[in-house]
Amino acid sequence: MKGKLLFAISCLFCISNLALSQNTFDIVFNANDRDQKCKECINAFNQKPKEVSYSILRENDNLYFEVNDKNWFNLLFKNTDDGIAIDIVSKDRYDCGIESISNTQIKGILLKPIYSKELQSGLESTIQNTFRVKVGIIPKALLKDDLEYNILFLGRKNLCQYYITYGLDYYSWDLLDMGMYLDYLTYDTKQIRSSAQDGSAIRNKTLKFIIPFEKNKSNYSQADIKPIYDSLRTTDFDIKTLNIKAYSSIEGVSSRNAELHEQRAKSIVAALQAFQKPTIKTVVSSSENWVEFFNDIGETKYEHLKLLTKNEIRKIMAGPISTDMENILKNHRKAVVELELEKKEKNKVESANMLLAEFNSRIAEGKLDRAKEIQNSIFEKIKAQEASATILQDMKIPKQVKYAKIINKNITYKYILNERQALIVYNELLDLEKLAPKEGELKYNRVAIEIKLWRNKAIDIDESKLIKDINDLKKYGIDNSLISRMMVNFHIVIAEKLMRNRDFDNKEKSVDYVNDNYKNFSLSNYDYLSLAQFFSIYGNSNFAVKLLERKARSIDIDEDLLFYYLNLTLIDKKLTQDPNYRTILLNAYNLNNQRFCKLFNSVDKGGVTFQLLSNEYLRKTYCENCEN
């Protein structure tokens with residue numbers, strides 16, 4: 001689930017280019033004793049708990065300062081001459097028709113400051129359990145403009161802090177998905193599944209293929225699509241959804257390239273739909289492959305093209321250079337095909353009650369292989385809401401060692417259906433482990449749920465024993481990559497605990513452990529997102545950026561993951577100057593051009609902030625792609 005987080009960035013004392021032609025009232029800028037006058041204001045910000053938030057709220061033409069902590073508000077505005085002033089900024093200031101943006105501290109219209117006495121007397125509680133006070137009125141001449149509201153915090157009438165508010169998307173995150181063993185390792189359906197490198201199979205799985213195309217052609221080689229056919233013929237899966245991203249190389253006329261995108265995608269859809277009767281849900285997107293073009297010309301004699309606009313590059317590519325670059329361009333004409341597969345259901349026509357009766361008969365006869373097949377079919381009936389989960393209670397399985405795997409599946413499936421049953425399932429697995437102490441998959445499930453319960457403070461654990469239990473899984477045939485993933489999750493939980501206890505030195509050791517060891521196993525996109533947010537929350541955004549930067553330049557990156565990377569980096573002026581960052585911006589534009597351009601809207605219109613356009617590197621990409 002995605003939400004919006006208002007994030008204030010402080011610009012401290014950058015007053016040298018202040019536009020003093022407008023009325024600055026009685027605010028003092030660049031005073032010699034500013035450090036002394038601002039000492040209490042700065043201390044208030046240093047003492048601000050991370051849970052405290054504030055913003056500017058607009059209602060009609062009125063502006064309110066809103067805060068969720070009255071005590072901190074009173075600490076901030078303690079002295080008579082402590083106050084707030086609002087700088088009202090219009091998006092017109094960043095119009096693409098303007099050659100350059102003037103670098104001034106006051107970017108718009110400065111409103112009259114409001115000082116401590118008026119702020120404290122005007123503060124009122126709102127129904128959202130927050131507090132607000134009116135801090136200004138928007139001038140009538142600006143009411144129809146696209147506006148943002150920067151905050152000047154004043155200490156003894158001196159400008160102490162200048163804040164720009166950024167509206168950044170955030171996403172829910174969790175521990176890395178450890179999966180649950182049924183017949184094989186099954187991952188949470190809300191997440192993109194791990195690759196087969198984990199040594200595990202899953203009931204619903206994803207396959208990814210790349211199909212190349214020749215220049216100016218939409219048909220593909222049968223040899224290139226053969227791996228897809230071979231994979232489908234050797235499995236018991238149907239294609240549930242098909243996601244195709246078709247790419248053309250960047251030379252040529254845009255309209256012809258768009259036509260090739262569409263034809264290439266249609267040819268693949270037709271070929272794969274002919275393979276099966278169930279209709280395939282298909283999602284198709286297409287674009288010119290600027291991302292790999294910029295990636296591949298790096299450190300070549302064509303690298304200078306990175307500095308040009310797309311239109312300038314098109315004009316050059318219309319000449320003989322495109323023939324010279326064919327060895328590069330031929331790799332850019334392709335389709336990235338992702339198939340989500342669903343297990344074929346062998347017992348689809350039988351009712352749940354019929355399957356239950358046969359399951360109990362086969363268990364009684366000792367025909368365990370057939371019983372396992374029927375058990376899976378019952379699970380599918382529950383998943384499709386054709387049967388209630390209570391049917392699991394009616395499956396008659398003797399509590400004996402030879403049935404341990406089947407019992408494990410039934411118990412664990414209850415957890416997969418509803419994680420709120422974690423504690424009940426955990427206790428049942430503990431009991432089953434006494435019966436079958438050498439069943440590695442059973443032990444794995446128990447330890448995975450134990451980590452989850454511990455993280456959610458549902459149980460107390462002996463940390464040294466948990467570490468031993470994780471490492472001992474190797475004795476029972478559990479793959480090293482899965483054990484490493486568990487240990488990373490262990491240190492994520494430990495880092496959270498140490499952070500709460502303000503043991504920052506040891507917290508850093510656990511964060512370093514996570515950073516050093518996540519490379520030992522494959523990651524889903526959701527895992528990447530969870531790790532990146534973990535690093536950011538615990539004060540190591542540089543680890544998060546490093547984790548995602550290479551993936552951000554890949555054309556098959558998950559959209560939400562790429563835009564989360566932009567959240568981390570858009571406000572880093574040094575990073576955005578890197579020529580490789582333009583590749584990342586174009587990647588985001590290709591994935592979802594409307595969402596990309598929306599980043600540069602005002603916060604009120606769902607953007608990060610249009611004041612990003614003061615950065616000439618971001619402005620160049622925005623004006624080239626969003627204003628044409």
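DSSP loop (so not H, G, I, E, B), at most 13 other Cβ within 10 Å: list which GluC sites (Glu not before Pro) in the stretch 84-179 pass both filters.
Of the GluC sites (Glu not before Pro), the ones in loops of the stretch 84-179 whose Cβ has at most 13 other Cβ atoms within 10 Å are E99.
So, in Å, what gap is there between the alpha-carbon centers of the stretch 246-287 and the stretch 432-478?
47
³J(HN,Hα) across the stretch 31-45 via Karplus (A = 6.51, B = -1.76, C = 1.60, θ = phi - 60°), whole Hz, x for Gly/Pro?
6, 4, 9, 4, 4, 6, 5, 9, 4, 5, 5, 5, 4, 4, 5
Which trypsin sites (Lys or Arg not before Pro) in the stretch 34-117 pass both tests, a DSSP loop state and at most 10 other beta-carbon atoms within 10 Å?
Here the sparse-neighbourhood loop sites are K50.
Whole angstrom only: what separates the Cα centroid of the stretch 299-346 from the Cα centroid of the stretch 356-373?
What the calculation gives is 55 Å, centre to centre.
From the phi angles alone, apply the Karplus equation (6.51, -1.76, 1.60; θ = phi - 60°) to the stretch 360-377 and give each ³J(HN,Hα) in whole Hz, x where the residue is Gly or Pro.
For the stretch 360-377, the Karplus curve yields 4, 5, 5, 4, 5, 7, x, 8, 6, 5, 5, 4, 5, 4, 5, 4, 5, 5 Hz.
What is the helix-to-structure angle for 541-552, meaning the angle in degrees between its Cα long axis and the longest Cα principal axis of the chain, kept from 0 to 90 and rounded to the nearest 10?
Once rounded, one gets 60 degrees.
Could you state the angle between the C-alpha long axis of helix 463-472 and the longest principal axis of the C-alpha atoms of the chain, as a value from 0 to 90 degrees rounded to the nearest 10?
Here the helix axis deviates by roughly 50 degrees.
List the GluC sites (Glu not before Pro) within the stretch 454-551 that DSSP assigns to loop and that have no more than 12 neighbouring Cβ atoms inside 10 Å.
Within the stretch 454-551, no GluC sites (Glu not before Pro) qualify (loop, at most 12 other Cβ atoms within 10 Å).
For the chain, find the longest principal axis of its Cα atoms and tell me its angle to the long axis of helix 222-233, 0 to 90°, nearest 10.
60
For R156, list long-range residues whose amide hydrogen, built 1.01 Å from N in the peptide plane, is under 5 Å from its own amide hydrogen.
The list, which skips near neighbours in sequence, is D81, D82, G83.
Rounded, prolate or oblate, given the Cα gyration tensor of the stretch 505-628, with a/c below 1.5 counting as rounded?
Prolate, since a/c reaches 1.5 and a/b exceeds b/c.
If you count the DSSP beta bridges with both ends in the chain, what percent of them are antiparallel, to the nearest 5?
85
Nearest 0.05, what FRET efficiency do S484 and L142 give at R0 = 56 Å with Cβ-Cβ as r?
0.50
Longest segment of the chain with no chymotrypsin sites (Phe, Trp or Tyr not before Pro) in a DSSP loop having at most 13 other Cβ atoms within 10 Å?
276-628
Considering just Cα atoms, how many Å³ per residue does the convex hull of the stretch 2-171 enclose?
139
Please tell me which of these pairs span more than 25 angstrom C-alpha to C-alpha: K78/K605; K107/K134; K91/K574?
K78/K605
Which label marks the calculated value of volume of the Cα convex hull per residue in Å³, given the options [x] 140; [y] 198; [z] 224?
Given [x] 140; [y] 198; [z] 224, the calculated one carries the label [y].
Values in this text are rule-based calculations from the coordinates and carry no lab data. Just so we're clear, the structure is a prediction, and the values are computed from it rather than from any experiment. In this analysis, Cβ positions are derived from the backbone assuming ideal geometry, glycine residues included, and neighbour counts consider all displayed protein chains.
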